[in-house]
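Below: the structure, in structure tokens.
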Amino acid sequence: MFDKEKAFQTARKWIKEIGHVIREEIDQPRNVDTKTNPNDLVTEMDRKVERFFALKIRNAYPNDKILSEEGFGDHVTSLEGTTWIIDPIDGTMNFIHQKRNFAISLAIYHEKQGEIGFVYDVMADVLYAAKRGEGAYKNDQRLATLDDEKKFTESIYMLNTIWTTDNDIVDAEKIRALVKDVRGVRTYGSAALEFCYLAEGIVDGYVSFKLHPWDVAAGAVIYKEVGGVVKHADGSELSYLKQEPLVAGHKEIVAETLKHYLVLT
């Protein structure tokens with residue numbers, strides 16, 4: 001039987017515990033490796049944090065599955081049962097270069113539903129958290145639901161500007177038009193934190209095309225609790241099982257984006 005409250009409190013304790021370790025060791029020399037390309041970075045801290053969660057989960061919840069980034073998880077093909085989706089450090093480039101603007105992202109999905117989401121801004125000691133149906137919080141402050149209306153032309157939009165250059169995933173001309181039509185564009189280097197900024201209402205829309213489940217699973221739980229919309233870039237639902245292009249934002253922003261700007265190649 002899935003005990004949501006117990007899982008929430010347990011996960012929260014673990015996140016705070018390993019977050020303290022990261023802060024204590026933030027100025028130590030890093031061992032930096034690359035994965036799929038020279039800008040796809042991983043450090044010994046990414047692996048240390050993921051190993052920490054994997055050991056804790058397998059000891060306390062031996063029947064649960066783990067979907068994670070750095071090799072300590074399981075081969076997950078379905079979100080049936082209970083699955084922990086973990087990015088130990090979301091925003092590794094920020095972690096290495098800035099020593100801030102990165103987060104621990106942890107979600108718990110039960111029978112294909114996102115039940116719990118945590119995004120922990122480690123250096124700011126800010127914890128975004130949500131339980132499905134119970135609202136979203138920034139530390140102890142409940143986040144307000146989104147306004148009923150939001151004009152696309154008055155929105156602040158988040159996207160990596162690499163998508164405005166020619167690529168084989170999305171029509172870059174359409175993305176350049178999006179940049180011209182919105183009020184402003186931002187990028188923060190951590191998808192998990194970007195979802196939380198959506199949830200706070202300080203930005204309004206978001207597109208990305210190469211994110212993995214661990215990048216977005218927790219943020220999506222949090223964002224949906226304030227009325228946000230998260231969709232595959234073709235308008236369908238995300239599977240949270242593989243790398244998928246997505247759009248997220250206020251419902252009107254998502255509708256406008258899907259109608260006029262997202263043309264997958």
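So, in the stretch 81-108, of the ones that are touching a His at 6+ places or on another chain (Cβ under 9 Å) and not polar (S, T, N, Q), which residue ends up surrounded by the most Cβ atoms within 10 Å (Cβ to Cβ)? Spell out how you get there, then give the answer.
Of the residues in the stretch 81-108, the ones touching a His at 6+ places or on another chain (Cβ under 9 Å) are 81-83, 87.
Of the ones still in play, those that are also not polar (S, T, N, Q) are 81, 87.
Working: G81: 14, D87: 31.
Here the residue is D87.
Can you tell me which residues in the stretch 100-114 are more than 17 Å from D87 (Cα to Cα) and either polar (S, T, N, Q) or in a loop (DSSP other than H, G, I, E, B) (or both)? Show your work before the answer.
The initial filter retains those residues of the stretch 100-114 that are more than 17 Å from D87 (Cα to Cα), namely 110-113.
Scanning the stretch 100-114 gives E111, K112, Q113.
Can you tell me which of Y223, Y206 is surrounded by 20 or more Cβ atoms within 10 Å (Cβ to Cβ), outside the structural domain of K131 (by TED's automatic domain parsing), over 16 Å from I85 (Cβ atoms) and aromatic (F, W, Y)?
Numbers: Y223 fails: over 16 Å from I85 (Cβ atoms).
Unique residue meeting the criteria: Y206.
Given the options L262, L258, L193, L246, name the one that is within 23 Å of T153 (Cα to Cα) and in a helix (DSSP H, G or I).
Values: L262 fails: in a helix (DSSP H, G or I); L193 fails: within 23 Å of T153 (Cα to Cα); L246 fails: in a helix (DSSP H, G or I).
When all the criteria are applied, what remains is L258.
Do you know which of the residues in the stretch 255-265 that are hydrophobic (A, V, I, L, M, F, W, C) and in contact (Cβ under 8 Å) with a residue 40 or more places away in the chain is surrounded by the most Cβ atoms within 10 Å (Cβ to Cβ)? Can you show your working first?
Residues of the stretch 255-265 hydrophobic (A, V, I, L, M, F, W, C): 255, 258, 262-264.
After this cut, where a residue has to be in contact (Cβ under 8 Å) with a residue 40 or more places away in the chain as well, the list is 262-264.
Numbers: L262: 23, V263: 12, L264: 11.
The residue in question is L262.
Return only the number of the condition from (1) surrounded by 21 or more Cβ atoms within 10 Å (Cβ to Cβ); (2) on the phi > 0 side of the Ramachandran plot; (3) more than 15 Å from the chain's Cα centre (by Cα) that K112 does not satisfy.
Evaluating K112 over (1) surrounded by 21 or more Cβ atoms within 10 Å (Cβ to Cβ); (2) on the phi > 0 side of the Ramachandran plot; (3) more than 15 Å from the chain's Cα centre (by Cα) leaves (1) as the failure.
So which residues in the stretch 128-142 are at pLDDT 95 or above and surrounded by fewer than 21 Cβ atoms within 10 Å (Cβ to Cβ), if there are any at all? Write out each step before concluding.
Step one: list which residues in the stretch 128-142 are at pLDDT 95 or above, which gives 128-139, 141-142.
Of everything in the stretch 128-142, those that are at pLDDT 95 or above and surrounded by fewer than 21 Cβ atoms within 10 Å (Cβ to Cβ) turn out to be K131, R132, G133, E134, G135, Y137, K138, N139, Q141, R142.
In the stretch 201-238, which residue that is more than 14 Å from the chain's Cα centre (by Cα) and touching a residue at least 60 places away in the same chain (Cβ under 8 Å) is nearest to G117 (Cα to Cα)?
E225
Mind checking which residues of the stretch 15-39 are at pLDDT below 90, closer than 25 Å to D125 by Cα and among the β-branched types (V, I, T)?
Listed by number, the list holds a single entry, V32.
For the stretch 40-56, does any single residue satisfy the condition of being surrounded by fewer than 16 Cβ atoms within 10 Å (Cβ to Cβ), at pLDDT below 95 and not in a strand (DSSP E or B)?
Yes, the stretch 40-56 contains at least one residue that is surrounded by fewer than 16 Cβ atoms within 10 Å (Cβ to Cβ), at pLDDT below 95 and not in a strand (DSSP E or B).
If we scan the stretch 233-254, do we find a residue that is over 21 Å from R183 (Cα atoms) and surrounded by 24 or more Cβ atoms within 10 Å (Cβ to Cβ)? Quick ask: steps written out before the conclusion?
Of all residues in the stretch 233-254, those over 21 Å from R183 (Cα atoms) come to 233-245.
Next cut, surrounded by 24 or more Cβ atoms within 10 Å (Cβ to Cβ) only: none.
Checked against the condition, which is being over 21 Å from R183 (Cα atoms) and surrounded by 24 or more Cβ atoms within 10 Å (Cβ to Cβ), the stretch 233-254 yields no hits at all.
Go through the residues of the stretch 211-227 one by one and say whether even a single one is in a loop (DSSP other than H, G, I, E, B) and among the small types (G, A, S). First the steps, then the outcome.
Looking only at the stretch 211-227, we keep the residues that are in a loop (DSSP other than H, G, I, E, B), and these are 212, 225-227.
If we keep only those that are among the small types (G, A, S) too, we end up with 227.
The answer is yes, given that some residue of the stretch 211-227 is in a loop (DSSP other than H, G, I, E, B) and among the small types (G, A, S).
Which of (1) hydroxyl-bearing (S, T, Y); (2) farther than 18 Å from E200 by Cβ; (3) outside the structural domain of E252 (by TED's automatic domain parsing) does T165 not meet, given it meets every other one?
Answer for T165: the failing condition is (3).
How many of the residues in the stretch 147-173 are part of a loop (DSSP other than H, G, I, E, B), among the aliphatic types (A, V, I, L, M) and modelled with pLDDT of 95 or more? Quick ask: steps written out before the conclusion?
Step one: filter the stretch 147-173 for residues part of a loop (DSSP other than H, G, I, E, B), giving 147-151, 155, 159-160, 165-169, 171.
Add one more test, that the residue is among the aliphatic types (A, V, I, L, M), and what stays is 159, 169.
Then drop every residue that is not modelled with pLDDT of 95 or more, which leaves 159.
The total comes to 1.
Determine which member of the set V49, V119, V21, V42 is in contact (Cβ under 8 Å) with a residue 60 or more places away in the chain and of a type outside the set (G, A, S). Full working, then the answer.
Numbers: V49 fails: in contact (Cβ under 8 Å) with a residue 60 or more places away in the chain; V21 fails: in contact (Cβ under 8 Å) with a residue 60 or more places away in the chain; V42 fails: in contact (Cβ under 8 Å) with a residue 60 or more places away in the chain.
It is V119.
The values are calculated or read from the model by the stated rules, or taken from the named source; none is laboratory data. As the structure is a prediction and not an experimental result, all values here were calculated from the model. Positions of Cβ are generated from backbone atoms using ideal geometry, with glycine treated the same way; all protein chains shown enter the neighbour counts.
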